[in-house]
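A.B. asks: Dropping the structure in here first, questions after.
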Amino acid sequence: TRTPVNVTVTGAAGQIGYALLFRIASGHLLGPDVPVNLRLLEIPQGLKAAEGTAMELDDCAFPLLRNIEITDDANVGFAGANVALLVGARPRTKGMERGDLLSANGGIFKPQGKAINDNAADDIKVLVVGNPANTNALIAQAAAPDVPAERFTAMTRLDHNRAISQLAAKTGAAVSDIKRLTIWGNHSATQYPDIFHAEVAGKNAAEVVNDEVWLADTFIPTVAKRGAAIIEARGASSAASAANAAIDHVHTWVNGTAEGDWTSMGIPSDGSYGVPEGIISSFPVTTKDGKYEIVQGLDINAFSRARIDASVQELTEERDAVRELGLI
Ligand code: NAI
């Protein structure tokens, strides 16, 4: 039998954590034949609720779930971690400036990055979900100099999935017929969902849609502002869909993209497509054998260029702000 994979989830007692843990334990993160040990990292106030969730996990009698450890000590939480899902973050509260938000999150992601550096397994893969996800990933990565930088990723898969769903609805295609969609840039309102290289049942999506007004005034804002629309409708932020996207992100990273398709991941830029090296920005990537590669050679038209540049500009400003705060 296979040795269990150690999966650490921070913010385990939160709403995404609740939607995520049961799917990890039932084999959806890594595959139906991979046993897992769960490490739940919370702040002291979250420990009791995490214990309650662990009781429910026990009550599911998942065949793949070997053990659960609950802790508020990051060094314990990341000990031997093969996969780390950093979900717990400090939300923006009323009147909070960007600098305050970044420094509050720096107080979480810097020590967690160091704890990953010092305690995680050599093959650690990190996904940051907690917002501002791209810059939180950059902070954690900077605090982990012994871990290869490319192991730190940020989640734009929810945006990717939202865009696929919107495009399928517009064209009447099945979601499984949509391929090669790309989210570029930041997981924020400036993100750019790109359909110019996407396919709908094998045909170019932009040509199938053939409606630049819909693209600019409906599709892009609907995808970018979907999080706010969910809050408005549900009275709470996206949780099950965010957990689902986290599952998809790691599953694709570990198990590979399908032939002829790609996905979107926030990853440290290597300078491709004019995105400054080092910032964590979303790109089209293919994955294979647990490694990802940026899809190269895509033609970027003026419509796309302006939108990618605007989102990358925001990421550059966030990087400069956390540098000024001494967080990277
Ligand atoms: P939540 O508030 O329900 O749960 C957050 C949990 O994190 C709480 O249990 C809290 O105690 C815990 N926590 C706080 N600081 C921690 C620390 N230092 N270590 C460990 N745990 C800590 O929030 P929810 O809805 O689960 O969302 C979590 C994050 O995910 C938020 O930052 C949210 O903005 C983000 N998010 C990101 C998405 C993306 O697409 N990248 C989509 C949806 C949400």
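A.B. asks: Kindly indicate which of Glu207, Glu277 is among the charged types (D, E, K, R), modelled with pLDDT of 95 or more, under 20 Å from Leu298 (Cα atoms) and not in a helix (DSSP H, G or I). Break it down stepwise before answering.
C.D. replies: Numbers: Glu207 fails: not in a helix (DSSP H, G or I).
Criteria check complete, one pass: Glu277.
A.B. asks: Which residue pairs have Cβ atoms under 9 Å apart, sit 6 or more places apart or on different chains, and have a first residue in region 170-182 that is free of Cβ contacts under 8 Å to residues at least 40 places away in the same chain and a second that is surrounded by fewer than 18 Cβ atoms within 10 Å (Cβ to Cβ) and in a loop (DSSP other than H, G, I, E, B)?
C.D. replies: Thr171/Ala201; Ala173/Ala201; Ala174/Ala201; Asp177/Ala201; Asp177/Gly202; Ile178/Ala201
A.B. asks: Between residues in region 38-54 that are more than 8 Å from the ligand (Cβ to nearest atom) and residues that are among the polar types (S, T, N, Q), which pairs lie under 6 Å by C-beta distance while being six or more apart or on different chains?
C.D. replies: Arg39/Thr8
A.B. asks: Is it the case, given these coordinates, that Ala13 is within 11 Å of the ligand (Cβ to nearest atom), in a helix (DSSP H, G or I) and surrounded by 16 or more Cβ atoms within 10 Å (Cβ to Cβ)?
C.D. replies: When the stated conditions are applied, Ala13 does not pass them.
A.B. asks: For region 288-310, state whether one or more residues are within 21 Å of Glu97 (Cα to Cα) and either within 18 Å of the chain's Cα centre (by Cα) or modelled with pLDDT of 95 or more (or both). Break it down into steps so the answer makes sense when it comes.
C.D. replies: Taking region 288-310 as the starting set, the residues that turn out to be within 21 Å of Glu97 (Cα to Cα) are 310.
If we keep only those that are either within 18 Å of the chain's Cα centre (by Cα) or modelled with pLDDT of 95 or more (or both) as well, we get 310.
Looking for residues that are within 21 Å of Glu97 (Cα to Cα) and either within 18 Å of the chain's Cα centre (by Cα) or modelled with pLDDT of 95 or more (or both), one finds at least one in region 288-310, hence yes.
Here's the yes/no breakdown for (1) open to solvent by 40 Å² or more (accessible area, probe 1.4 Å); (2) more than 24 Å from Ala239 (Cβ to Cβ):
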{"residue": "Glu56", "(1), (2)": "yes, no"}
{"residue": "Leu64", "(1), (2)": "no, no"}
{"residue": "Ala74", "(1), (2)": "no, no"}
{"residue": "Asp100", "(1), (2)": "yes, yes"}
{"residue": "Gly106", "(1), (2)": "no, yes"}
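A.B. asks: Of the residues Leu21, Leu85, Leu40, Leu101, only one is closer than 24 Å to Gly256 by Cβ and not in a loop (DSSP other than H, G, I, E, B); which? Explain how you work it out, then say what you get.
C.D. replies: On the way: Leu21 fails: closer than 24 Å to Gly256 by Cβ; Leu40 fails: closer than 24 Å to Gly256 by Cβ; Leu101 fails: closer than 24 Å to Gly256 by Cβ.
Of the residues listed, the single one that is closer than 24 Å to Gly256 by Cβ and not in a loop (DSSP other than H, G, I, E, B) is Leu85.
A.B. asks: Just to verify a result, which residue in region 213-238, among those that are part of a loop (DSSP other than H, G, I, E, B) and more than 10 Å from the ligand (Cβ to nearest atom), is surrounded by the most Cβ atoms within 10 Å (Cβ to Cβ)?
C.D. replies: So the residue we want is Lys225.
A.B. asks: For region 1-10, give me each residue that is away from the ligand (no atom under 11 Å from the Cβ) and either over 19 Å from the mean Cα position of the chain (by Cα) or among the polar types (S, T, N, Q) (or both).
C.D. replies: Scanning region 1-10 gives Thr1, Arg2, Thr3, Pro4, Val5, Asn6.
A.B. asks: Mind counting the residues in region 82-116 that are over 16 Å from Met155 (Cβ atoms) and touching a Pro at 6+ places or on another chain (Cβ under 8 Å)?
C.D. replies: Selection size over region 82-116: 2.
A.B. asks: Here's another thing I want to ask about it. Which members of region 151-197 meet the condition of being among the charged types (D, E, K, R), within 15 Å of the ligand (Cβ to nearest atom) and more than 20 Å from Asp211 (Cα to Cα)?
C.D. replies: Matches in region 151-197: Arg157, Asp159.
A.B. asks: Ok, one more. Does at least one position in region 239-261 carry a residue that is open to solvent by less than 30 Å² (accessible area, probe 1.4 Å), assigned to a strand (DSSP E or B) and in contact with a helix residue (DSSP H, G or I) (Cβ under 9 Å, 6 or more places away or on another chain)?
C.D. replies: The initial filter retains those residues of region 239-261 that are open to solvent by less than 30 Å² (accessible area, probe 1.4 Å), namely 239, 242-243, 245-247, 249-250, 252-253, 256.
Next, only the ones that are assigned to a strand (DSSP E or B) stay: none.
No, region 239-261 contains no residue that is open to solvent by less than 30 Å² (accessible area, probe 1.4 Å), assigned to a strand (DSSP E or B) and in contact with a helix residue (DSSP H, G or I) (Cβ under 9 Å, 6 or more places away or on another chain).
The values are calculated or read from the model by the stated rules, or taken from the named source; none is laboratory data. Since this is a predicted model, take the numbers as computed values, not measurements. Methodologically, a virtual Cβ is constructed for each residue, glycine included, from the backbone with ideal geometry; neighbour enumeration extends over all protein chains shown. Only protein heavy atoms, including side chains, enter the accessible area calculation; ligands, DNA and RNA are left aside. Shrake-Rupley method; radii C 1.70, N 1.55, O 1.52, S 1.80 Å.
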